[in-house]
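Every number here is computed from the coordinates shown, using simple stated rules; none is lab data. Quantities reported herein were computed from a predicted structural model and do not represent experimental measurements. No Cβ is skipped: glycine too gets one built from the backbone with ideal geometry, and neighbour counts run over all protein chains shown.
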Amino acid sequence: MKKISIDPITRLEGHGKIEIFLNDAGDVENVYFQVPELRGFEKFCEGRPVEEIPRIVTRVCGV
Amino acid sequence: MAKLKLAIYWAAGCGGCDVAILDTNEGLLKIAEIADIVLWPVATDHKYEEIEKMADGAIDICLINGGVRNSENEHMTKLLRAKSKIVVAMGACAHQGGIPGLANLFTKETVLNRAYRETPSTENPDGILPVQRFSAQEGELIIPEFYNTVLPTAAVVDVDYFMPGCPPAIHQVAAVVDIIAKGDLPPKGAVIGASDKTLCDECTRPKEDRKVKKFYRPHEIIFDNQKCFLDQGIICLGPATRGGCGNRCTVKSNMPCRGCYGPAPKVHDQGTKFLSALASVIDSNDPAEINSIVSQIADPVGTFYRFGLAASYLRRKRSNEKN
Amino acid sequence: MSFEPKIVGFLCNWCSYAGADLAGTARIKYLPNVRPVRVMCSGRVEPSFVMKCFAAGADGVLITGCHPGDCHYHEGNYKTIRRYSLLKRVLEQFGVEDDRVRLEWVSASEGDRYAKVVDEFVKKVKALGPFNGTKLLVK
């Protein structure tokens, strides 16, 4: 089985990777889209004052 | 002059620094004039493979934004360091860890649990967490290892220049491109694209003698939008923050500073420097009253170290189970 | 081997350092874990010094100065109180136990008090165990 990796996926915000597996006939058998990125906003916004959240979560994506 | 080879990369960032470069508008033409871009995920389609095949030092200038959150960030940061003559840590995340550095108040396990199991919008009945290696029937899939501690670029590789800001102000990006075009770079280790004064020094809001009996949150006060925030008891990180941003928050947007330009010159730990400045304005000599005034500050570490936690002396919250 | 904490002590020049001197000349015995650093005033102790001590491997930090009202610079120690109060809140969020940092007033005539403060503090830090500040960065 042959594998084609597209790493990184470009011209979008964030990190992404696509792995394409080809079967012996050269056709696509399966494709995996992977997001190797996590920063943890879900957690670290906890404990921050509510009025500060708009100034924090704007850094989720700057694009 | 031969054209420079320029790489722009994002690690644990948000892409805002890349957009700051794009926001120079016709300034991009100048970049195209002096440099060939060999990597810039937000705008061009170069792959990691191409970088790995390059000779060491083949890239003239590399602008890295985003800190080190996982093993891919670390690998790419180290790879680009080896391939580049000059590395610039661009933006608050690369410079100081930035907003993602706030995760250093938690452990890797609690962050993963929250994101993949506990959030109300997540459906994950089997409680599956990301694994580094996964054997699919077609072959093995590998994602980067998620680290317990976010680090700024300089904690992982040797950095030549630091360019602060979240994001760096557009006029400063243009100024740095100018410096690079002229080959007029300062001594190694310098902070570029910023001033050598504090934000307070450059702020045009009139300041009076600071004496504060109460710290206010925004909903607790109707403040005078001409006067200094700190004078009115509103926390503003201006005294401990490097200037050069053009006072885009304090003057232009009527918002107190949160310190994205990093510590003032010759300061290492922005949070404690601000702590000192803030403690000095408290108008009391009575320990009990001081304690009650101080207790009005909702989130000292999250505020004083908003962008600088990962670059501070302690870098993260201490946890007994696992450091 | 039992754990012997490393403690950095910031002693103000005018009162506490003289107090520690007096403890010595009076041959008062006290625990040897505190490494004294003489500063001109407890107000000279920037909170970043405390952070740096922990990051460099200290298990505890002791700050001592003149009693309130007795400061050689009139109000240096009041500034210390304000910073200390805020620093304590910051340290709590960093997960640094309350007993690892202590502010005490020791005058030049209180050699016995200095010895007592050190003994008490060392015992508390000993009970907490090592801080492992230098190991904070393990992945």
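Here is how the numbers come out for the structure above:
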{"read-out": "Total charge dipole magnitude, segment B:198-252, about the Cα centre, Cβ charges on Lys, Arg, Asp, Glu only, Debye to nearest 20", "value": "120"}
{"read-out": "Cβ-derived FRET efficiency at R0 45 Å, A:I53 paired with B:H268, nearest 0.05", "value": "0.95"}
{"read-out": "In order through segment B:202-209: 3J(HN,Hα) via Karplus (6.51 cos²θ - 1.76 cosθ + 1.60), integer Hz, x for Gly, Pro", "value": "9, 6, 8, 5, x, 10, 10, 5"}
{"read-out": "Cα→Cβ-extended label distance, 7 Å offset, between B:E123 and C:V37, nm", "value": "5.7"}
{"read-out": "Inter-part distance where segment B:42-73 and segment B:278-297 are each reduced to a Cα centre, Å", "value": "48"}
{"read-out": "Charge context of B:N124, other residues only, Cβ under 14 angstrom, K/R +1, D/E -1", "value": "-2"}
{"read-out": "Helical contribution to [θ] at 222 nm, DSSP H n ≥ 4, -39,500 (n - 2.57), averaged over chain B, rounded to 500", "value": "-7500 deg cm²/dmol"}
{"read-out": "Spin-label pair C:S2/B:L185, simplified geometry with 7 Å Cα→Cβ offset, distance in nm", "value": "5.6"}
{"read-out": "Relative contact order of chain C, pairs being alpha-carbon contacts under 8 Å that are 6 or more residues apart, as %", "value": "38"}
{"read-out": "Set C:K6/C:K116; B:K213/B:K273; B:K188/B:K227 screened for pairs whose C-alpha atoms are more than 28 Å apart", "value": "B:K188/B:K227"}
{"read-out": "Amide proton proximity set for C:V101, modelled H, under 5 Å, gap of 5+", "value": "C:V61"}
{"read-out": "Protection-proxy order for peptides A:49-59, C:56-66, each taking the mean of Cβ atoms within 10 Å per residue, highest first", "value": "C:56-66, A:49-59"}
{"read-out": "Residues with amide H under 5 Å from that of B:K317, placed H, sequence gap 5 or more", "value": "B:L105, B:F106"}
{"read-out": "For the protein assembly as shown: span of alpha carbons on each principal axis (Å, largest first)", "value": "91, 57, 47"}
{"read-out": "Contact order relative to length of chain B, as percent, for alpha carbon pairs under 8 angstrom and 6 or more apart", "value": "18"}
{"read-out": "Sequence-distant aspartates and glutamates (8 or more away, or on other chains) whose Cα lies within less than 18 Å of A:K17", "value": "A:D7, A:E29, A:E37, B:D45, B:E49, B:E50, B:E52, B:E72, B:E74, B:E138, B:E140, B:E145"}
{"read-out": "Mean separation of Cα contacts under 8 Å (6+ apart) over length of segment B:1-157, as relative contact order %", "value": "26"}
{"read-out": "Choice from B:R117, B:R210, B:R81 with maximal GNM fluctuation in chain B (Cα, 10 Å cutoff)", "value": "B:R117"}
{"read-out": "Spacing of the two label points (7 Å from each Cα toward its C-beta) at B:K85 and C:E75, in nm", "value": "5.6"}
{"read-out": "Surrounding net charge for C:Y114, when Lys and Arg each add one and Asp and Glu each subtract one, Cβ distance under 14 Å", "value": "0"}
{"read-out": "Exercise: per-residue mean of other protein chain Cβ atoms within 10 Å, B:294-307", "value": "5"}
{"read-out": "Gained length - B:A2 relative to B:D196, 0.36 nm times residue gap less alpha-carbon distance", "value": "66.6 nm"}
{"read-out": "Size of charge dipole - segment B:107-147 - debye, nearest 20, with Cβ of Lys, Arg +1 and Asp, Glu -1, no other charges", "value": "160"}
